[in-house]
Amino acid sequence: MLKRNETKLEIKPWEEKDLDLLFQLNEPKMMEHLGGPESAEQIQKRHKRYLEIGNRGCMFSIILPKDEAVGSVGYWQTVWNDENVYEIGWSVLHSFQGKGIASQAVRAVIAKLKDERKYSSIHAFPSVHNAASNALCRKLDFNLISECEFEYPPGSLMQCNDWCLELE
């Protein structure tokens, strides 16, 4: 059921054709909290990882009516503080931000994970400077655990907030 002022959308498992979307999401404004844009080679490698994630998680494209891809959302298994958990991440094209698309897509993934019942919690690690992503975590009832250092991109440490949502 759509909430007031929400756009009808669906999340679809990542496909070969989503490579173009990944390049669009790589613009400097979109990547300012994630260490900056990636090279074409890095984008190709990321695309391959998304396609081959297998049973460790799932990446989705966020699709609006008329098959318009406007972002990505996904989850993967990770170990955090010696515990197996899900990690979740999302990105919505700048021109579609502020319309509730990310929160709707993240809610859809949370519903899938609640049905899966593999791990008891989901963690998100937005940069402490990413006001929009931190607000989304708050809006979706994630609990702020602490500020932490997180390695992203590989080889670089960034200051993040550790947000956790209990699934049980």
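Can you spot the lysines whose alpha carbon is less than 27 Å from residue 8's alpha carbon? Ignore those fewer than 8 places along the same chain.
Cross-link targets: 17, 29, 66, 99, 112, 114, 139.
Please say if the chain is rounded, prolate or oblate, where rounded means a/c under 1.5 for a ≥ b ≥ c the square roots of the C-alpha gyration tensor eigenvalues, and otherwise the choice is prolate for a/b larger than b/c and oblate otherwise?
It is rounded, given that a/c, with a ≥ b ≥ c, falls under 1.5.
In debye, nearest 20: dipole of the stretch 50-132 around its Cα centre with unit charges on the Cβ of K, R (+) and D, E (-)?
260
Identify all aspartates and glutamates with a Cα-Cα distance to residue 118 below 15 Å; exclude those on the same chain that are fewer than 8 residues away in sequence.
The reachable aspartates and glutamates, counting only those whose Cα sits under 15 Å from residue 118, are 83, 87, 166, 168.
The chain: longest stretch without exposed trypsin sites (Lys or Arg not before Pro) (DSSP loop, at most 13 other Cβ within 10 Å), sites themselves excluded?
The segment 9-65 is the longest one with no such site.
Charges on Cβ only, +1 for Lys and Arg, -1 for Asp and Glu, centred on the Cα centroid of the chain; of 53, 102, 22, which one is farthest towards the dipole's positive end?
102
Between the stretch 13-91 and the stretch 107-168, how far is it from one alpha carbon centroid to the other, in angstrom?
Comparing the Cα centres of the stretch 13-91 and the stretch 107-168, I get a distance of 15 Å.
Quick one: putting +1 on the C-beta of Lys and Arg, -1 on the C-beta of Asp and Glu, what dipole do you get for the stretch 10-166 around its Cα centre, in Debye to the nearest 20?
400
Throughout, read-outs are computed from the coordinates displayed, never taken from laboratory work. Keep in mind that what you see is a predicted model, and the values were worked out from it rather than measured. Reconstructed Cβ throughout: ideal geometry from the backbone, glycine too, with neighbour counts over all protein chains shown.
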